[in-house]
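Remarks on the structure that follows.
The values are calculated or read from the model by the stated rules, or taken from the named source; none is laboratory data. Everything numeric here is computed off the predicted structure, so don't read it as measured data. Here the Cβ positions follow ideal geometry from the backbone for every residue, glycine too, while neighbour counts run over all protein chains shown. Protein only, heavy atoms only, side chains kept; ligands, DNA and RNA dropped before computing areas. Shrake-Rupley method; radii C 1.70, N 1.55, O 1.52, S 1.80 Å.
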Amino acid sequence: MKLKVYISLPIQGKDIESQKKYAQDIALRIAVCGHEPVNPFDNFLPDDAPRTAHMKADISMLLDCNAIMMCHGWENSDGCRLEKNVAEQCGLLVLFDRAT
């Protein structure tokens, strides 16, 4: 079964370029496994858009998926914890990146 996997990673307070690279690396690993990655950096908003706008767009993207990949540091991110909670409440498969 091909999964559509939302990538959840800490962004706020992090170096945006390194997090974009990390998300691209995760997306490639998901694609190599035969699944469809959904990268939050592809939400069509500028990097400096308000956090609330990013969260709304990201949650919308998440709800179109059937799985979520929780990436390194997710436990310390309010946004990631929210995304995980939404995923669990909506019955999505929750995966964890253990390669970092």
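Can we say TYR6 is of a type outside the set (A, V, I, L, M), crowded, with 17+ Cβ neighbours inside 10 Å and assigned to a helix (DSSP H, G or I)?
No; evaluated as a whole, the condition is false for this residue.
If you check every pair at least six apart or on different chains, which have Cβ atoms under 8 Å apart with a residue in the stretch 51-76 that is closer than 13 Å to LEU9 by Cα first and a residue that is crowded, with 17+ Cβ neighbours inside 10 Å and basic (Lys, Arg) second?
Cβ pairs passing all conditions: ILE68/LYS84; MET70/LYS84; TRP74/LYS84.
For the stretch 10-22: of the residues being touching a residue at least 24 places away in the same chain (Cβ under 8 Å) and not in a loop (DSSP other than H, G, I, E, B), which is most open to solvent (accessible area, probe 1.4 Å)?
ILE16
In this structure, does ILE16 turn out to be on the phi < 0 side of the Ramachandran plot and touching an Asp or Glu at 6+ places or on another chain (Cβ under 8 Å)?
The answer is yes for ILE16.
What number of residues in the stretch 77-91 are of a type in the set (A, V, I, L, M, F, W, C) and either closer than 16 Å to ALA27 by Cα or without any contact (Cβ under 8 Å) to a residue 60 or more places away in the chain (or both)?
Looking only at that region, the number is 3.
Looking at this structure, is ALA27 on the phi < 0 side of the Ramachandran plot, of a type in the set (Gly, Ala, Ser) and either in a helix (DSSP H, G or I) or open to solvent by 70 Å² or more (accessible area, probe 1.4 Å) (or both)? Show your work before the answer.
Values: on the phi < 0 side of the Ramachandran plot: yes; of a type in the set (Gly, Ala, Ser): yes; either in a helix (DSSP H, G or I) or open to solvent by 70 Å² or more (accessible area, probe 1.4 Å) (or both): yes.
Judged against the criteria, ALA27 is a match.
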